[in-house]
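**Q** Please read through the structure below; I'll follow up with questions.
The values are calculated or read from the model by the stated rules, or taken from the named source; none is laboratory data. Quick caveat, the model's predicted, so the values are computed rather than measured. When we count neighbours, we look across all protein chains shown, and the Cβ atoms used for this are built from the backbone with ideal geometry, even at glycine. Ligands, DNA and RNA are stripped out before the accessible areas are found, and what is left, the full protein with its side chains, is counted by its heavy atoms. Shrake-Rupley method; radii C 1.70, N 1.55, O 1.52, S 1.80 Å.
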Amino acid sequence: MVTLRPARPEDAPAVAAVWRSGWRDGHLGHVPDELTAARTDASFDVRAGERTGDTVVAVVDGAVAGFVMVVGDEVEQVYVADAHRGTAVAAALLAEAERLVEAGGHGRAWLAVVAGNTRARRFYERNGWTDEGPFEHMAEGPDAPIRVPAHRYEKRLVPR
């Protein structure tokens, strides 16, 4: 059974581990070398600790199985631990992200996906998201944003 709850500071190491592994699976070979160089092990640890307030975790059997980060109308991060991929965890997290965006007063949610991350793209499309086309996503870098070719996915939200 999947339980969703706001992240707590003590979740940061587990969130960082899930983020690090998932990011590498979906991005290595599909993003500029500058971004790959910026995504050191330490960068995930730091960012997970800084982003606790924007994070909802999925807990399975007492352990963090995945997380989602939402800011405004953007679903910034959705990652699931390897052992929980292909289960209900990702769908539960995405539904929660959509709920948070809608609760924030937005009628449409969006997210960025790199073109080569076909697994993520298929997942979003199966969940009613639409590929609105390529754009240059500005990813957080150590000194300045890094331009990353991506696709903008959007979903119109129906008030609940």
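**Q** Provide the gained length on full extension for the span Arg24 to Ala103, in nm with one decimal, where the gain is 0.36 nm per separating residue minus the Cα-Cα distance.
**A** Working: separation 79, 0.36 × 79 = 28.44 nm, distance 3.10 nm.
Taking 0.36 nm per residue and subtracting the Cα distance, the gain is 25.3 nm.
**Q** If you average the sequence gap of Cα pairs under 8 Å that are 6 or more apart and divide by the length of region 6-122, what percent do you get for the contact order?
**A** Details: 164 pairs, mean separation 31.9, N = 117.
Over region 6-122, the number comes to 27 percent.
**Q** To the nearest 500 deg cm²/dmol, what mean residue ellipticity at 222 nm is calculated for the chain from DSSP H runs of n ≥ 4 alone, each contributing -39,500 (n - 2.57), summed and divided by the residues?
**A** Values: 5 runs with 56 residues, N = 160.
Value at 222 nm, helices only, nearest 500: -10500 deg cm²/dmol.
**Q** Based on alpha-carbon centroids, what's the gap between region 113-160 and region 38-107 in Å, whole number please?
**A** 15 Å
**Q** Moving to a separate point now. Hey, can you grab everything whose amide H is under 5 Å from the amide H of Gln77? Only 5+ residues off in sequence or another chain; H modelled, so Pro and N-termini drop out.
**A** Answer set, sorted by chain and number: Met69.
**Q** Percent of accessible area on the chain owned by carbon and sulfur, 1.4 Å probe? Don't skip to the answer; put the middle values down first.
**A** Details: 4210 of 8160 Å².
Carbon with sulfur: 52 percent of the solvent-accessible area.
**Q** Need one word for region 33-111: rounded, prolate or oblate. Basis is the Cα gyration tensor (sqrt eigenvalues a ≥ b ≥ c); a/c below 1.5 gives rounded, then a/b vs b/c decides.
**A** Numbers: a/c = 1.80, a/b = 1.16, b/c = 1.55.
Here region 33-111 falls in the oblate category.
**Q** Now for a separate question. Once the other residues with Cβ under 11 Å from the Cβ of Ala12 are scored (Lys, Arg +1; Asp, Glu -1), what is the net sum? Present the calculation step by step, with values, prior to reporting the outcome.
**A** Working: positive: Arg8, Arg47, Arg51; negative: Glu10, Asp11, Asp45, Glu50.
The answer is -1.
**Q** For the chain, what does the alpha-carbon gyration tensor say about shape, rounded, prolate or oblate, given a ≥ b ≥ c as the root eigenvalues, a/c under 1.5 as rounded, and a/b over b/c as prolate?
**A** Numbers: a/c = 1.42, a/b = 1.05, b/c = 1.36.
Rounded.
**Q** Rounded, prolate or oblate for region 79-160? Axes are the square roots of the Cα gyration tensor eigenvalues, ordered a ≥ b ≥ c, and the cut-off for rounded is a/c under 1.5.
**A** Details: a/c = 1.59, a/b = 1.21, b/c = 1.31.
Oblate.
**Q** Not counting ligands, DNA or RNA, and with a 1.4 Å probe, what is Val68's accessible surface area in Å² rounded to the nearest 10?
**A** 0 Å²
**Q** Just name one of Pro32, Val57, Met1: the one whose Cα is farthest towards the positive end of the charge dipole of region 1-119 (beta-carbon charges, Lys/Arg +1, Asp/Glu -1).
**A** Farthest along the dipole direction, towards plus: Met1.
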